[in-house]
Amino acid sequence: MLTTASDIEVLTRFGRALADPIRCRILLTLRQAPAHPADLADALGISRTRLSNHLACLRDCGLVVTTPVGRRTRYELADERLGHALDDLRTAIVAVVADRTCPDAEEKGCC
C-alpha cells in the first residue's frame, strides 16, 4: 500500500509522462540508447520545438536527465530501472489486451 506522499508523487509523475503518446515514444527510444534532441526529433518525425516541450516535461517529471557533450546536450533515462519499468508496463498491458473479459469489448472499444 502506498503510504508516503513521495511514493504517490513518483507514480503521479510517471503517469503524467506516460499520458502522452509522444512522451511514451521518447521514453521507449531513450530506453534503447541516449540521444541528442535533433536525432530524437528526426527519429520520431516531430519538430524540434514540439520535442523540446516534451523533453522539458520528462525532465520536470524526473524521468530523463541531460549530459553536456561539447556544444550539444544528450538525453537519457534518469535511471536504468525506468527501462525495466517500461518493459514491465508494456507486457502487462499486452496481457490485459489479450484477456478481454468484457463481452462488448470489440464493439465498445473498451477493456
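The values are calculated or read from the model by the stated rules, or taken from the named source; none is laboratory data. Keep in mind that this is a model prediction, so the values were computed, not measured. Here the Cβ is made from the backbone with ideal geometry for all residues, glycine too, and neighbour counts use every protein chain on show.
Residue count for segment 1-42 under the criterion of being loosely packed, with under 13 Cβ neighbours inside 10 Å, in contact with a helix residue (DSSP H, G or I) (Cβ under 9 Å, 6 or more places away or on another chain), closer than 27 Å to residue 69 by Cα and of a type outside the set (S, T, N, Q): the result is 1.
Taking the conditions exactly as written (on the phi < 0 side of the Ramachandran plot and either in contact (Cβ under 8 Å) with a residue 12 or more places away in the chain or in contact with a strand residue (DSSP E or B) (Cβ under 7 Å, 6 or more places away or on another chain) (or both)), does residue 43 satisfy them or not? I'd like the intermediate steps shown before the answer.
Values: on the phi < 0 side of the Ramachandran plot: yes; either in contact (Cβ under 8 Å) with a residue 12 or more places away in the chain or in contact with a strand residue (DSSP E or B) (Cβ under 7 Å, 6 or more places away or on another chain) (or both): yes.
For residue 43, the condition - on the phi < 0 side of the Ramachandran plot and either in contact (Cβ under 8 Å) with a residue 12 or more places away in the chain or in contact with a strand residue (DSSP E or B) (Cβ under 7 Å, 6 or more places away or on another chain) (or both) - is met.
Restricted to helices (runs of 4 or more DSSP H) entirely inside segment 1-59, those with at least 1 residues that are under 19 Å from residue 81 (Cα atoms) are 5-18, 21-32.
Matching residues to (1) more than 16 Å from the chain's Cα centre (by Cα); (2) surrounded by 14 or more Cβ atoms within 10 Å (Cβ to Cβ); (3) at pLDDT 70 or above:
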| position | (1), (2), (3) |
| --- | --- |
| 49 | yes, no, yes |
| 61 | no, yes, yes |
| 73 | yes, no, yes |
| 79 | no, no, yes |
| 91 | no, no, yes |
| 101 | yes, no, no |
